[in-house]
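Right, one structure below, let's go through it.
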Amino acid sequence: MKKRMIYSLTVAVLLSTSAFGQTPESVWDLQRCIEYAVSNNITVKQSVLNQETAENNLTKSKASRFPSLSASGSQSLTRGTSTDPITYDFVSQTIHSTSVGLNAQVTLYGGNKINNTIKQNDLLVSQNSYYVEAARNDISLQVTEAYLQALYYKEGITIAENNLKSSEAQATRSQALFDAGSIAMKDLADVKSQLAGDRYTLVTSKNSYDQQVLTLKQLLEFEPDQSFELAFPTQEQEAMIVIPDKYTVYKEALAIMPEIKSGKLETNVAALGLKIARAGYQPTLSMTGGLSTGYTNTQGYAFSEQFNNNFNQRLGLTLSIPIFSNLQTKTNVQNSRIAIQSAELDLTSSRKTLYQKIENAHQQATAAQSEMEAAAAQSDASKVAYDLAQQQYTVGAVNTVDLLVSQNTYLQAQQKYTQAKYTAILYYQLLQFYEGNPIKL
């Protein structure tokens, strides 16, 4: 009883593979499962690609500060009266002309739109890194829950096997008592019925475990034919732990959880979006420049001489003042204000959701510990009662019904204890995770 109560406050487990005759390479413990899932999960990979896209957008926005440069070239044939594309004279003859040029343009002022866009894209890179972290956290928690559920089903198999062995021994004793005339046929039939039910329970326990292993393999993105064996605890490490205060956990989580960090950045991104939208009201000043030259057959000079004589340079300033943009700028500004409010609401919702998760984990962990203590006491008491019932049944002091009731009561107590134990482990690990501690069994 004392040992079980201590374990009710225990989450650390030592893992051993020797009991299963498996090599370390073929055994997957929780840590290995989490690491593999984080590296191979499709959602995590997609979030990494999104971050790379954000980084590319940042590079592109920084390049907007530099001048754009383009080259052009043309070859034309014109018949009839037209303007010579090189001399701009009106001529009435067939014109063969060649022209080449370089053009450059740089924005000198645009309402600070370029700088704000760079700042916004820089924030988006950081935000996407938090999305990657959140995706990794999410798959880690899913794997942890699936792994612990598999442990629960595995222990359920052990309980079912032990119960089946007890039923088989009881059936043997009952058969002997029936042969001796000590019990009636109905009593023997009840015992055999219990034995058949225990065999069925063992089969369903194994099926539940196999199904849970399949779920875990799917989380790990395994191929259907890939072999997979889980490592299971063979030794429990007793360590007293205390469930942390939920408000303390919440304060820690607010500072470290990526969904909160990304939510805060989203409000800053939206605020920069408003500044970018307002830049549409501001004039844009650009500097342009170009180099060009060409050849035409209307001039009596050689090709190379004309390219030298017709070479020109151009430098200019262009000022664009917005007057009416079909309400596009006004609409962009209004939508940007809405985006700020939406981001603030999303952040509030994220904080609320985070607290609900922490409060639920705290309540579940606390309740599970209490249930473990009660289930441990019930299991110990029902074990004693079952042992006594077996002895009394052998000497005819109790009937078959009382024996089977005692056996089922003991089985139910074991199952309650196992369920409460893994529930406590799971939600304690969740609280540790929200505090910033790594998941570790």
>> Please enumerate, by chain and number, the aspartates and glutamates with C-alpha under 17 Å from the C-alpha of residue 440, excluding those fewer than 8 residues away in the same chain.
In response: 29, 35, 138, 145, 236, 238
>> Please give me, ordered by residue number, the trypsin sites (Lys or Arg not before Pro) of region 246-354 that lie in loop per DSSP and have at most 13 other Cβ atoms within 10 Å.
In response: none
> Which residues does a label at residue 192 reach in region 397-411, if reach means a backbone N under 17 Å from a point 7 Å past the Cα toward the Cβ?
Replying inline: 400-401
> At residue 65 and residue 45, where each label point lies 7 Å from the Cα along Cα→Cβ, what is the point-to-point distance in nanometres?
Replying inline: 3.7
> What's the extension gain from residue 226 to residue 161 if we count 0.36 nm per residue and subtract their Cα-Cα distance?
Replying inline: 20.6 nm
>> Quick check: pseudo-label points 7 Å beyond the Cα along Cα→Cβ at residue 394 and residue 317, how many nm apart are they?
In response: 10.9
>> Amide H of residue 229 versus every other amide H placed in the peptide plane: which residues, excluding those fewer than 5 positions away on the same chain, fall under 5 Å?
In response: 28
> Based on the Cβ-Cβ distance from residue 218 to residue 349, what FRET efficiency comes out when R0 is 35 Å, to the nearest 0.05?
Replying inline: 0.75
> When the helix-only estimate is applied to the chain (DSSP H runs of n ≥ 4, each -39,500 (n - 2.57), divided by the residue count), what is the mean residue ellipticity at 222 nm, nearest 500 deg cm²/dmol?
Replying inline: -23000 deg cm²/dmol
> Which order results if 62, 217 are arranged by neighbouring Cβ count within 10 Å, fewest first?
Replying inline: 62, 217
> So what's the chain giving for Cα Rg divided by 2.2 N^0.38 Å, two decimals?
Replying inline: 1.73
>> Could you work out how much longer the chain between residue 307 and residue 81 gets when fully extended? Use 0.36 nm per residue separation minus the Cα distance between them, nm to one decimal.
In response: 79.0 nm
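Strictly over 21 Å apart at the Cα level, which of 246/352; 217/357; 165/206; 251/352; 62/264; 352/416 would you flag in this model?
Over 21 Å apart, Cα to Cα: 217/357; 62/264; 352/416.
Here, each number is a calculation from the coordinates, and none is a lab measurement. Everything quoted here is computed from the prediction, not taken from an experiment. Note that each Cβ is placed from the backbone with ideal geometry, even for glycine, and that neighbours are counted across all protein chains shown.
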